[in-house]
Amino acid sequence: MVDSVLLSYCVVTGSFMFFQLFFSIISPNFSSRCSSTYKQLTRAKQCEWDSRVVSTVHALIVGSFCLYILAYDDAVNLDPIWGDPFQVKMNVAITCGYLAYDLLFFAHYWKEMRDPYMVCHHFAVFYSYGYVLNRGVLPYFANFRLISELSTPFVNQRWFFDVVGLPRSSWPVLINGLALAVVFFIVRIAVIPSYYSQVFATFGTEGYIKLGNGPQVAWIVSCVILDILNVYWMYKIAAGFYRVVTKAKPGGKPKRNHAD
């Protein structure tokens, strides 16, 4: 158990260093060679660009691992509270390392970024995933939550399109916007009934009672906070996509008003 916890925090540290390296060296070098727009951005915008590249890399790594676990990790799927958590803990550790890097990024660029909702999201995730890393509990539910990262690349791609000056009425932007709305809904909203039905099914079981009050509270409270944020973000995504589609024709210049 101690070795497993130690390994988890080694992965957290390695993950933090990897994403920091990606942000500081790999993305700036790659982006400056592949995009003329990147070189023209202010330093603050370049940092946000690099941060979103890192975010996309993290989402693809963790999201793919989540799908693999969901499909092939029978121990976790058969016992969602106390099943063998090794693979899930490694995935959670990667995410915790990324979150530590991202919080450091927000702290350094708070004046430019200023996103209290995302900071709240990160701390809620940290709070709940601490129990996964330290005690190895709730692996199925932790993995289920991480699947939501699959929507992140589309969020970042929308930002990249804006920065390079692609009109919001153009087909690539509209297609990405539709994909974002659909994927976000599937991995964050549509799964809510299924997720909570699994949660309620564990209430009163021996495994649930064995958790104790701390993990129970962390689990339920963090879930509620995250889902409130997800519903809020879904509303903003859907409203934004609807506004663009109704105010602009594909391939033309988007109409603007004071609310845009």
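The values are calculated or read from the model by the stated rules, or taken from the named source; none is laboratory data. Given the structure is predicted, the values throughout are model-derived calculations rather than measurements. We place every Cβ from the backbone using ideal geometry, glycine too, and count neighbours over all the protein chains shown. The protein model used for the area step is the full one, side chains on, heavy atoms only, and it has no ligands, DNA or RNA in it. Shrake-Rupley method; radii C 1.70, N 1.55, O 1.52, S 1.80 Å.
Quick one: among Ile25, Ile237, Ile147, which has the greatest mean-square fluctuation in a GNM of the chain with alpha-carbon springs under 10 angstrom?
Ile25
When N counts the residues of segment 83-140, how does its alpha-carbon radius of gyration compare numerically with 2.2 N^0.38 Å, as a ratio?
Scaled against compact globular proteins, the figure is 1.27.
On average, how much accessible surface per residue is there in the chain, in Å², for a 1.4 Å probe, leaving out ligands, DNA and RNA?
Here the per-residue accessible area is 52 Å².
Largest first and in whole Å, what are the equivalent-ellipsoid semi-axes of segment 1-40 based on the Cα gyration tensor, each being the root of 5 times an eigenvalue?
In descending order, the three semi-axes are 35, 6, 5 Å.
What does the extension gain come out to for Leu229 and Cys120, with contour length at 0.36 nm per residue minus their alpha carbon separation?
Residue separation times 0.36 nm, minus the Cα-Cα distance, leaves 38.3 nm.
For Ser32 and Met17 in one chain, what is 0.36 nm times their gap in residues minus the Cα-Cα distance, to one decimal in nm?
Going from the current span to full extension adds 3.2 nm.
Wrap a convex hull around the Cα atoms of the chain, take a quarter of its surface area, and give that in square nanometres.
If you wrap the Cα atoms of the chain in a convex hull and average its projections, you get 14.9 nm².
Mind checking the dipole of segment 87-242: about its Cα centre, +1 per Lys or Arg Cβ, -1 per Asp or Glu Cβ, Debye to the nearest 20?
20
Leu6 versus Ile186, label points 7 Å from Cα toward the beta carbon: distance in nm?
The modelled label-to-label distance comes out at 4.2 nm.
Where the accessible area of segment 147-191 is counted over protein heavy atoms with a 1.4 Å probe, how much of it, in %, is carbon and sulfur?
Solvent-exposed carbon and sulfur of segment 147-191 make up 75 percent of the total.
For the cross-link pairs Lys89/Lys111; Lys111/Lys236; Lys39/Lys236, which exceed 24 Å when the distance is taken from alpha carbon to alpha carbon?
With Cα atoms farther than 24 Å apart: Lys89/Lys111; Lys39/Lys236.
Considering the Cα positions of segment 107-260, please state its Rg to one decimal place and its Dmax as a whole number of Å.
19.0, 61
Determine ³J(HN,Hα), in whole Hz, for all residues of segment 122-131 in sequence, where each value follows from phi through the Karplus function 6.51 cos²θ - 1.76 cosθ + 1.60 and θ = phi - 60°; x replaces Gly and Pro.
Result, rounded to whole Hz: 4, 5, 5, 5, 4, 4, 6, 6, x, 5.
With N set to the number of residues, divide the alpha-carbon radius of gyration of segment 31-144 by 2.2 N^0.38 Å and report two decimals.
Expressed relative to 2.2 N^0.38 Å, the Cα Rg reads 1.27.
Tell me the label-point distance for the pair Ile209, Ala179, using the 7 Å Cα-to-Cβ offset, in nm and rounded to one decimal.
About 4.9 nm separates the two model spin labels.
From the residues Pro172, Trp82, Trp110, which one has its Cα farthest along the dipole of the chain in the positive direction, the dipole being from +1 and -1 charges on Cβ of Lys/Arg and Asp/Glu about the Cα centre?
Pro172
For the chain, what relative contact order do you get, as a whole percent, if you take Cα pairs closer than 8 Å and at least 6 residues apart?
22
Above 17 Å lies some portion of the pair distances; for segment 127-180, what is it as a whole percent of all C-alpha pairs?
Summing the P(r) of segment 127-180 above 17 Å gives 52 percent of all pairs.
Given only helices, namely DSSP H runs of n ≥ 4 each adding -39500 (n - 2.57), what is the per-residue ellipticity at 222 nm of the chain, to the nearest 500 deg cm²/dmol?
Roughly -25000 deg cm²/dmol at 222 nm, from the helical runs in the chain.
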